[in-house]
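As structure tokens, the structure follows; a few thoughts come after it.
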Amino acid sequence: MPVLNQSQLFDVANTLLSGAGVPAEDAKIVAQELSDANIVGHDSHGIMRLMQYVDFIRDGHVKIGGEFEIVRNAPAFAVVDGNFNFGQVTARKGLALGIEKARSAGTATIMMRNCNHVGRLGAYTQDAANRGFAAIMAVNAPGPGGVAPFGGMERRLGTNPISMSGPSINGPLVLDMTTSATAEGKLRVAKQSGKTVPDGMIIDGYGKPSCDPNAYYDKPFGSILPLGGPGLGHKGYGLSVMVDVFCGMLSGSGVCRTDLPRGANGVWLHLMDVEQFLPRDEYDEWMSKYVSHLKDCPRLPGVDEILLPGELEERVKQQRSANGVEIPPETWRQISELAASLNVSLDFAAESSS
């Protein structure tokens, strides 16, 4: 199977997106987000998404070159319409706008609608934390999602992820999680890798528990369960409902819609400039004390270390930056077929195949 370094991952994504007609600057933004996701271990949001994204372009769900339109503007908030350009393009521009406003007002809220799939939320909140902001970002699926409500057996919710990040002198704390038991992309990774998934993540179309990712994709369609699974899924379900309220309703993106392109997202981004809430040295002192407080906790038998949110991704990044990323054969087959259909060459990556 191919083993690609970050530069090759970026080049694969950039080549295919450019071949599909995406403007150069937008292609670079999306390619960077995809390759970064692979490098930190979130293959569900990496280059495996390229087939889906090009399908979106071909089907008209992605409007390449769509305008970043500010429809409501105030000193500490804005509502943005992405006009169905790539979600990563809209989200990056929304983050830049939010940072500008929060530097001035101390805090800023940016609502984004008519986005496509924005990718890995932790990439945006971590970037904000590296610039001195505490950040919250959440995303909903205003159209049909893949998650059943707690006690239900039919898809009614999106995976509705949430990310929160805060600065730290040893690297930001970065929470990045779905309000569902798993992300759909992780099911796709398992399907393409021929693997099963753990108990409590999905049910088949008849409401029966399953560990086979095909049970989600085969008709009658299965569903992802809320975070917490069959026992404690009311917690994830409650979070997901409120994400729909914040990201869907307040952004104007909506809920329960059938008239939107596939992959549409509604986005809530909130930023707080730490330095304007308390002196940064005081914040860093609290953070250092807190990190030690958690890390020094007596551990259960068999536990070597207590990790903080985002720490695992940083370690995977170091490992994959050194050794590359293995691309499952089925994923590479699909990418190669896509390249052929776009009349572009991936010869620069082919030598990585084994």
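Values as computed for the structure displayed
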{"read-out": "Cα-based shape type of the chain, given that a ≥ b ≥ c are square roots of the gyration tensor eigenvalues and the cut on a/c is 1.5", "value": "rounded"}
{"read-out": "The chain: calculated mean residue ellipticity at 222 nm from DSSP helix runs of at least 4, using -39500 (n - 2.57)", "value": "-13000 deg cm²/dmol"}
{"read-out": "Signed unit charges on C-beta, dipole axis of the chain, positive-most listed residue Gly21, Gly302, Gly60", "value": "Gly60"}
{"read-out": "Top of Pro167, Pro198, Pro149 by mean-square fluctuation, Gaussian network on the chain, Cα under 10 Å", "value": "Pro198"}
{"read-out": "Where a label projected 7 Å from the Cα of Met1 along Cα→Cβ would reach, residues of region 321-343 with amide N under 13 Å", "value": "325-334"}
{"read-out": "With every protein chain in place, the chain: carbon and sulfur % of accessible area (1.4 Å)", "value": "55"}
{"read-out": "Ser288/Arg103 FRET efficiency (R0 30 Å; Cβ-Cβ; nearest 0.05)", "value": "0.75"}
{"read-out": "Segment Leu175-Asp59, length gained on full extension (0.36 nm per residue, minus Cα span)", "value": "38.4 nm"}
{"read-out": "For region 31-70 versus region 266-336, the gap between their alpha-carbon centres in whole angstrom", "value": "23"}
{"read-out": "Per residue, in Å², the accessible surface of the chain once ligands and nucleic acids are set aside, probe 1.4 Å", "value": "46"}
{"read-out": "Contour excess over end-to-end distance, with Cα ends at Asp296 and Lys235 and 0.36 nm allotted per residue", "value": "19.1 nm"}
{"read-out": "Label point distance in nm, Tyr217-Ala24, each placed 7 Å from Cα along Cα→Cβ", "value": "3.6"}
{"read-out": "Euclidean distance between Cα centres, region 172-189 to region 221-259, Å", "value": "14"}
{"read-out": "Percent RCO, i.e. relative contact order, over region 1-142, from Cα pairs under 8 Å lying at least 6 residues apart", "value": "18"}
{"read-out": "Spatially near lysine pairs across the chain, Cα under 14 Å, sequence gap of 8 or more or different chains", "value": "4"}
{"read-out": "Phi-based couplings in Hz for region 60-72 (Karplus 6.51, -1.76, 1.60; Gly and Pro marked x)", "value": "x, 6, 9, 9, 4, x, x, 6, 7, 10, 8, 9, 9"}
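The values are calculated or read from the model by the stated rules, or taken from the named source; none is laboratory data. The structure displayed is predicted, hence computed values, not measured ones. Neighbour counts run over all protein chains shown; Cβ positions are idealised from the backbone, glycine included. These accessible areas exclude ligands, DNA and RNA; they are computed on the full protein's heavy atoms, side chains included. Shrake-Rupley method; radii C 1.70, N 1.55, O 1.52, S 1.80 Å.
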